[in-house]
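Take a look at the structure set out below.
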Amino acid sequence: MAARPIGIDLGTTYCCAAQVRDGKPQVISSRLGYTTLPSIVHYDNSGQVTVGHAAERRMVLDPTRSVYGSKRLLGRTFQSEVRERYQPHFSYELVPDENGMVAAKVCGTTVSLTDVSALILRELRSAVQTSLGEVVDRAVITVPAYFNESQRNCVREAGRRAGLEVLRIINEPTAAALSYGCGRGENKHVLVFDLGGGTFDLSLIKIEGDLFEVLAVGGDTFLGGIDFDRKLVDLVMQKLGKGNHLRLDAVGKERMRGACQEAKHTLSTQPRATVELPNFTLADGTKLEVAVPITRNEFEDACKQLVEKCMYAVSDVLMDAGKTPAELDDILLVGGSTRIPCVNAALKAMFGRDPSKRVHPDEVVALGAAIAADSHDRIDSVVLTDVVPTAIGLGGNAGRFMPVVARNTKLPHKVVANTVIAAGTRELKLALYQGESPHAKDNDYLGALVLDDLPGSAEPLRCALLFTLDSECILKVYASIPQLNLKRAVTLITRYTPDDVVEQMGAERIRVGPVQLATGLRGETAPKAAVAAAAKAAKQAELQDDDEQDDGKPGFFGWLLGLFGRKG
Ligand code: ADP
Ligand code: MG
């Protein structure tokens, strides 16, 4: 018998694994009794690598060689705004790898963040195997709903490198809803509110028996416990400095952050806490005995804006799904930061009731992943319908973002974008972005879609690009140029920066066809209208003929011929 698959919550801060045993999902604890594993990898000069709890202990004294929080930058290009934003917050050095993706530089070597995730998954897998006493080689892994295409691919690859067949990637909030509602035969609308260490993920999910349909997703990829820590650090530094500017080195910063995080945890249950750092050293060598008292009120005042940001995102998701607070049956809290009392209070104020106590915020995602893993092999399995978390599109004229797939479009999905290739072009390059801003540069740059080996014909060429997204939001793009009788998959190359693309192609040459109608940007056009426009474009292209979703190939030639009126 094949080993039973497990579910893995690959968190920014902690990972957790679970498995369905005797018909019930259960968290797998390590032999030492831990139910979670810190997502930290430490490298030392002799080439030794430590992962998890041991790495966490080393991080305090050796922060520059400890890779933590890497999930926030996984699958991002070095050129991305995200990396620029994050560089100052990481003690380890960030560099581009040979493909232009963000990597960590530790002990003189460049380590890819996919490898960092693979090491974490390998450690988790080995702890699970020891604890279960059996081989584990298949898993469902969860990712934030907000994860873009390239980030999901990295998680798949990391799983492979850790010796796991990744049965499926599912969204963390969807997993939470699964563990909340699976097998209960209920009909409910629930809001999953996941405030973790680095990210804030929201999903509004309709549960109908064993059918889980995501109606809308939202949140903020840059909001989490780390930001609350930072507010507390600022507060403590203010109290300590009393007007003087205190400078900390890497070890000082990490010790300060750790102590503030501890105090933050205390403030979740106590009205006051003390940030204590005996024998603390400033960057200039001055020694301090740090013992700064903080009240919960002071902390909550400092974090007011963060909580407001959360609540605005909740309103956005409700609006996108067309629901009012009263129409929701339950609120599921996920993630360690939902223990912060003012977060709870804000939710209670908005919804007029307490969030659900049915699920455990630290374990719920892994438990849901275990259910999805267990149901993978069965016929009576649960059905998950997810949505595209943020618009996907191309860079257009004057730095504009041209969405091709609107946010909250139901998966799987197909759509055609038409573009004109200027005469003489030998290589078509289009910049691919994901995000909600009308300005391309403010969105996540995913890479360049490259169609090379073109003959450089004397005429401009009409080119149809078919975008297919499978049920896990994995994107594939195919191109067709009828004048050349060319039909081919388009490769995504991350090595090229957006500037390379513009420089080599000339932005004025990029014109996107019918889906130009589908702006679907927040605040401009309602996403529903955008979805309708995209659907209309797809219909024009006779995509309906093409029912196969997996590789996007079957039926592909049929619709292309239809598109250019040469069908049959
Ligand atoms: P992730 O899913 O991003 O790995 P988690 O859901 O494990 O994150 O949450 C980790 C975050 O939760 C950290 O920022 C941690 O400080 C915070 N956290 C954990 N326990 C508490 C608590 N009791 N009070 C406040 N925050 C907490
Ligand atoms: Mg999490």
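Assign one of three labels to the stretch 57-164, namely rounded, prolate or oblate, based on the Cα gyration tensor with a ≥ b ≥ c the square roots of its eigenvalues; rounded applies when a/c is under 1.5, prolate when it is not and a/b is larger than b/c, and oblate otherwise. The shape class here is oblate.
The Kirkwood radius of the stretch 184-228, taken over pairs of alpha-carbon atoms, gives through the Stokes-Einstein law at 4 °C and 1.567 mPa s a diffusion coefficient of 114 µm² s⁻¹.
Here the calculated FRET efficiency for residue 483 and residue 410, from their Cβ-Cβ distance with R0 = 35 Å, stands at 0.55, rounded to the nearest 0.05. Put the Cα centre of the stretch 265-325 next to the Cα centre of the stretch 120-158 and the gap is 31 Å.
Karplus-based coupling profile of the stretch 350-361, in residue order and whole Hz: 6, 9, x, 7, 7, x, 4, 9, 5, 10, 8, x, with θ = phi - 60° in 6.51 cos²θ - 1.76 cosθ + 1.60 and x standing for Gly or Pro.
Structure note, pairs 206/410; 206/476; 206/414: Cα-Cα distances above 18 angstrom occur for 206/476; 206/414.
Could you please tell me the mean projected area of the C-alpha convex hull for the stretch 229-331, averaged over all directions and given in square nanometres to one decimal? In nm², the orientation-averaged hull projection of the stretch 229-331 is 8.5. Taking amide H as placed 1.01 Å from N in the peptide plane, residue 101 has its amide H under 5 Å from the amide H of 78, each at least 5 places away in sequence or on another chain. Taking only the alpha carbons of the stretch 275-406, we obtain Rg and Dmax values of 22.0, 66 Å in that order.
A convex hull fitted to the Cα coordinates of the stretch 200-283 yields 150 cubic angstrom per residue.
Roughly how many Å is it from the Cα centre of the stretch 442-467 to that of the stretch 418-441, as a whole number? Going from one Cα centre to the other spans 7 Å. Using every pair of separate Cα atoms, the Kirkwood estimate puts the hydrodynamic radius of the stretch 295-356 at 12.4 angstrom. Under a no-solvent Debye model with one identical scatterer per Cα of the stretch 351-442, what's log10 I(q)/I(0) at q = 0.11 Å⁻¹? After summing over all Cα pairs, the log10 values are -0.60. Couplings 3J(HN,Hα) of the stretch 155-170, computed from phi: 5, 4, 5, 4, x, 4, 5, 8, x, 10, 7, 8, 5, 6, 9, 10 Hz, in residue order, whole Hz [Karplus 6.51 cos²θ - 1.76 cosθ + 1.60, θ = phi - 60°; x for Gly and Pro]. With semi-axes defined as the square roots of five times the eigenvalues of the C-alpha gyration tensor, the equivalent ellipsoid of the stretch 148-191 measures 28, 13, 6 Å, largest first. If you take the alpha carbon atoms of the stretch 403-509 and fit the smallest convex hull around them, that volume is 99 Å³ per residue. A simple count of charges around residue 132, restricted to other residues whose Cβ falls under 11 Å of its Cβ and scoring Lys, Arg +1 and Asp, Glu -1, yields +3. Rg over Rh for the stretch 1-84 works out to 1.08, using Cα positions for both radii and the Kirkwood form for Rh. Global size of the chain: 24.5, 82 Å for Rg and Dmax (C-alpha atoms, Rg to one decimal, Dmax whole). Compared with the alpha-carbon gap, the fully stretched path from residue 135 to residue 457 is longer by 110.3 nm at 0.36 nm per residue.
Over the residues of the chain, the helix contribution to mean residue ellipticity at 222 nm works out to -9500 deg cm²/dmol, using -39500 (n - 2.57) for each DSSP H run of at least 4. Across q = 0.18, 0.27, 0.28 Å⁻¹, the stretch 87-135 modelled as identical point scatterers on its alpha-carbon atoms has Debye log10 I(q)/I(0) values of -0.64, -0.96, -1.00, in the order of the q list.
Measuring r between the beta carbons of residue 54 and residue 208 and using R0 = 35 Å, the FRET efficiency lands at 0.20.
We did not get these values from a lab; they are worked out from the coordinates using the rules stated. Here the structure is a predicted model, which is why all the values come from computation and not from measurement. Neighbour counts are summed over all protein chains in view; Cβ atoms, including those assigned to glycine, are modelled from backbone coordinates with ideal geometry.
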